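The structure appears right after this line, and notes come after that.
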Amino acid sequence: MESQNTEKTVSFITKMVRPFLTGPLSIIVILFATVLGIAAIFATPREEEPQIVVPMVDVFVNFPGQSPQEVEELVSRPLEKLMWQIDGVEHVYSLLHEQARPKYGYGQVLCRARPRTCNGQDKRQN
């Protein structure tokens, strides 16, 4: 009678854990997971240096004889604002406020990005 009471009070978790502790089920699961892990390592493609092309356009502006503050105020800041107005530009970099460099988003085609950059410069000149 006592054995029937203990079987009825055995919880669900105990019923799930018992086969792993008393039988070979845990070793089978570990071996299966190891085989899947090794297969995943060999099946996963990898490349040490992926060929990703991020389109960038360099814009050089000469303004000789001016102080850095004047170059920044008269050339670099207006040019950066203009570059931000171009569709697809993700970042604009300035080097010593003598050069603005728009960086287009991944997937933009460089041969299409250059004319948009030039058209943006044409707007500034007019």
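The values are calculated or read from the model by the stated rules, or taken from the named source; none is laboratory data. These numbers come from a predicted model, not from an experiment. Here the Cβ positions follow ideal geometry from the backbone for every residue, glycine too, while neighbour counts run over all protein chains shown.
So that you can scan it fast, the table gives a plain yes or no per residue for (1) among the hydrophobic types (A, V, I, L, M, F, W, C); (2) touching a strand residue (DSSP E or B) at 6+ places or on another chain (Cβ under 6 Å); (3) at pLDDT below 85:
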residue	(1), (2), (3)
Phe12	yes, no, no
Glu47	no, no, yes
Ser76	no, yes, yes
Gln85	no, no, no
Tyr106	no, no, yes
Val109	yes, no, yes
### Query
In the range 28-73, which residues are farther than 29 Å from Val89 by Cα and more than 39 Å from the chain's Cα centre (by Cα)?
Gly65
### Message
If the requirement is being assigned by TED's automatic domain parsing to the domain that holds Gly105 and either without any contact (Cβ under 8 Å) to a residue 24 or more places away in the chain or not in a loop (DSSP other than H, G, I, E, B) (or both), which of these qualifies: Pro19, Pro50, Pro78?
### Response
Pro78
### Message
Checking the structure you have, find out if any residue of the range 59-73 is in contact with a strand residue (DSSP E or B) (Cβ under 6 Å, 6 or more places away or on another chain) and of a type in the set (Gly, Ala, Ser).
### Response
no
### Answer from Glu72, Glu90 - the residue that is without any contact (Cβ under 8 Å) to a residue 60 or more places away in the chain, acidic (Asp, Glu), part of a helix (DSSP H, G or I) and assigned by TED's automatic domain parsing to the domain that holds Gly107
Glu72
